[in-house]
Amino acid sequence: MVILISLFATGWVGVVIMGLLHHMEERRQFNKLLQEAGFRKNNKNIATEKGGKPKEKIASAIAKISVTDKISKYLYQAGLPLRIEEFIGIYLVIFIVSMALVIYGKIYFGFVLVVVSLIMPPLWVSSARRKRLRVFNEQLGDALILMANSLKAGFSFLQAMELVGKETPAPLGKEFSKVMNEVQLGLPVEIALDNLAKQIASDDLDMVVTAVLIQRQVGGNLAEVLNKIATTIKERARMRGEIKTLTAQGKISGLIIGMLPIVLAFVLTLINPNYISVLISDPIGPFLIVGGITSQLLGLFFIKKVVTIDV
């Protein structure tokens, strides 16, 4: 029990220290950016403007703060309300529980839990990220049509974007509303749109942002441009659906090939443990296991390359 408590205490102390260091680093970078933007601290320790408009300087300072860790960006793109410390804390908690199981004698179950703890959280984040990006791209075509109709009705670009942010559900509505908040703080529209494209990492959105930025520089009928882009996005979505249908058989084959050895080994262990134990006890067994796993990974890699078609 003392060992278990020590493991838990050590893990949570590590999480707290990591969180404090991350928070201090964020404060240091923000203060540095405020100084670069033209602010100084007076005697009352309040940020005071040296020159220029306060909203524009604060907004530009905030805009320069980039995501310092890919984990933070992935968590944001997945729409998960987790900080880096909380996400890594999940790793530590599961690892500590696994170590406790190993200490108390359940070695095999603890080993399985360690493997699961290393694989499942990234898969969870990656799955949530893909799902959120798919929903965003599905909403983007309809949002562009709404913006184009608003522009034809006499709305400005920012008014049309604000309307989309209010009328469209998350995730697209939330992201467009965030852009409007940045613009209201004084950030230029071009920079706010560029930040949106970097945060979402969507090819369709990159195309939209590029077209809007070019139109704002050279002029033209923005409503017509948005309508054409919306048509292109919808056609790409239709083609993705057709490709997904045609490659479904290959994906299922890869899934069966990948899961069959694992399921078979599990069934043989339950039916006849002595039969499968020879694979572990024999000196050649580990080499055969490594070779089998390597062959499986290569097979899955090539199957994924065949069925993955970019549109």
Subject >> Taking Val93, Val225 and counting other C-beta atoms within 10 Å, the order from fewest to most >> reply: Val93, Val225
Original post:
Order of 125-132, 188-195 by packing, highest average Cβ count within 10 Å first?
Top reply: 188-195, 125-132
**OP:** Only Cα pairs under 8 Å and at least 6 apart count here; give the relative contact order of the range 248-307 as a rounded whole percent.
**Re:** 52
Original post:
Got the relative contact order for the range 132-234 handy, in percent, Cα pairs under 8 Å and 6 or more residues apart?
Top reply: 37
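Since every read-out is calculated from the coordinates, none of them should be taken as a lab result. This one's a predicted model, so the numbers in the text were calculated from it and none came from an experiment. For neighbour counting, all protein chains shown are included, and Cβ atoms are generated from backbone atoms with ideal geometry for every residue, glycine included.
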